[in-house]
Amino acid sequence: TEAPQPAMFLPILQHPASSGWLVVRSSRNPEQLGTAIRSTLHQMDAGLPVVIETRLDEIGGALFPPQIASIALGVLGGMGAILAITGIFGLAAYSISKRLRELGLRVALGAQRKQILKAALGPAFRLLAFGSAAGLMLGMLASRVLSDIVYQATPRDPAVLAGVVLAMVMLGLVATWIPARRALSVDPMILLREE
């Protein structure tokens, strides 16, 4: 909301114009109010052309570019998240497939589930942490561009930063869920028999 600005009202007959404005503020539904205003003005002058526009319609054109930019950024963010999940899943699955014998040996020697998960998924989570830190820094550098697009939001906001970190952790957990289950289901007897 803006602070009220000074205004001066003059009789319309002093300054005749081909068009005029009537500003109405009401708690009624804008469509019902528009119909009532149109019929009242039509009763006063049947030949008077009346165009009714709500404030929301008026500012809709100004809000359209930021809305499209926000939608585009959301779509790109979603595509980036899908790409991140695919990459982390691929890295974790490949890492575990190459280390199955080692993990089986650890299980045979009595390693706990926590130790197996740490050994199996450590590289993926280190890469995720490095990528998240780099992304946070780049996001903070791009804050000027984003603040022009997203209304009253700044990437330096602690809630935004916490949300980004939480989202990346959740993406990492989702992406490593299947490889983690495979690492925990390693049967050391089968792997040792193969050798």
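Averaging the sequence gap over all C-alpha pairs within less than 8 Å and six or more residues apart, then dividing by the number of residues, gives the chain a relative contact order of 28 percent.
Going from the residue with the fewest nearby Cβ atoms within 10 Å to the one with the most, LEU121, LEU184, LEU146 rank LEU184, LEU146, LEU121.
The ranking of ASP45, ASP187 by Cβ neighbour count inside 10 Å, starting from the fewest, reads ASP45, ASP187. Which net charge results for the neighbourhood of GLY34, defined as the other residues with beta-carbon distances under 11 angstrom from its beta-carbon, given Lys and Arg at +1 and Asp and Glu at -1? Taking every Cβ under 11 Å from that of GLY34, the sum is -1.
Considering only alpha-carbon pairs that sit under 8 angstrom and 6 or more positions apart, the relative contact order computed for region 76-164 is 21 percent.
Once the Cα atoms are used to define both axes, helix 158-184 deviates from the longest principal axis of the chain by about 30 degrees.
Would you kindly state the longest site-free stretch of the chain, with sites defined as chymotrypsin sites (Phe, Trp or Tyr not before Pro) in a DSSP loop (not H, G, I, E, B) surrounded by at most 14 other Cβ atoms within 10 Å?
The segment 22-150 is the longest one with no such site.
Values in this text are rule-based calculations from the coordinates and carry no lab data. What you see is a predicted model; the values in this text were computed from it and never measured. Every residue, glycine among them, receives a Cβ derived from its backbone with ideal geometry; neighbour counts consider all protein chains shown.
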